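The values are calculated or read from the model by the stated rules, or taken from the named source; none is laboratory data. Keep in mind that this is a model prediction, so the values were computed, not measured. We place every Cβ from the backbone using ideal geometry, glycine too, and count neighbours over all the protein chains shown.
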Amino acid sequence: MAFKLNPYLNFDGNAEEAFSFYKSVFGGEFAGGIMKMSSAPGTENLPDEEKERVMHVSLPLDNNQTLMASDIVPSMGHKLTQGNNVYLSLHPDSKEEADKLFNALAEGGKVEMPMEDQFWGDYFGSLVDKFGIGWMVNYNPNF
C-alpha cells in the first residue's frame, strides 16, 4: 500500500497567523490561497469574527508533502482541545537544516529537548511552537 500523509491542524481563530509563520519557516506559497469561512455556502449567518476564520489553507512542502489547516467554528459547536497527542516530525537532510528549522519553529515557543546528538545515533530535538503545535526535528545521517 502506498499513500502520502498530510498533517491537518486545527486552530481557534489563528490559523492564518500560524500558517504565515510556517510559510516564513518553510518557504513556498499557499496552494489556492487562504479560503475563509465566508466563502462557503450557508455561512452568511455566522458571527462576523467567524466569517473571517480560515476554512482551509495548505502549504506544499518539499518531497510532495503538504501541511494543511483550518479554524474551528465555535457557533457550530466546534471546540478546540490542545494537547500533546500530536507532534509533527521533520526529517531534514543535514544538521544545518535541522538547526535552522528547529530555531525558527522555537521562536516564541517552548523547547522541550534542545537539538543534540542522541544515544540512538540521531541529532534530535523537540519543541512546542508559539501556536501550541508540537514539533520533533530528527536528522539521521544514514537516511
(message) Quick check on the range 30-37. Is at least one of its residues at pLDDT 95 or above and of a type in the set (Phe, Trp, Tyr)?
(response) yes
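Quick grid of which residues meet (1) assigned to a loop (DSSP other than H, G, I, E, B); (2) surrounded by fewer than 14 Cβ atoms within 10 Å (Cβ to Cβ); (3) more than 16 Å from the chain's Cα centre (by Cα):
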position	(1), (2), (3)
Ser75	no, yes, yes
Ser89	no, yes, no
Asp93	yes, yes, yes
Leu105	no, no, no
(message) Step by step: first the residues of the range 2-25, then only those that are under 15 Å from Leu67 (Cβ atoms) and in contact with a helix residue (DSSP H, G or I) (Cβ under 8 Å, 6 or more places away or on another chain), then the one that is surrounded by the fewest Cβ atoms within 10 Å (Cβ to Cβ). Which residue is that?
(response) Ser24
(request) Go through (1) modelled with pLDDT under 90; (2) at positive phi and name the single condition Thr81 misses. (result) (2)
(message) Filter the range 59-77 down to the residues that are over 16 Å from Gly13 (Cα atoms), without any contact (Cβ under 8 Å) to a residue 40 or more places away in the chain and not aliphatic (A, V, I, L, M) and list them by number.
(response) Pro60, Asp62, Asn63
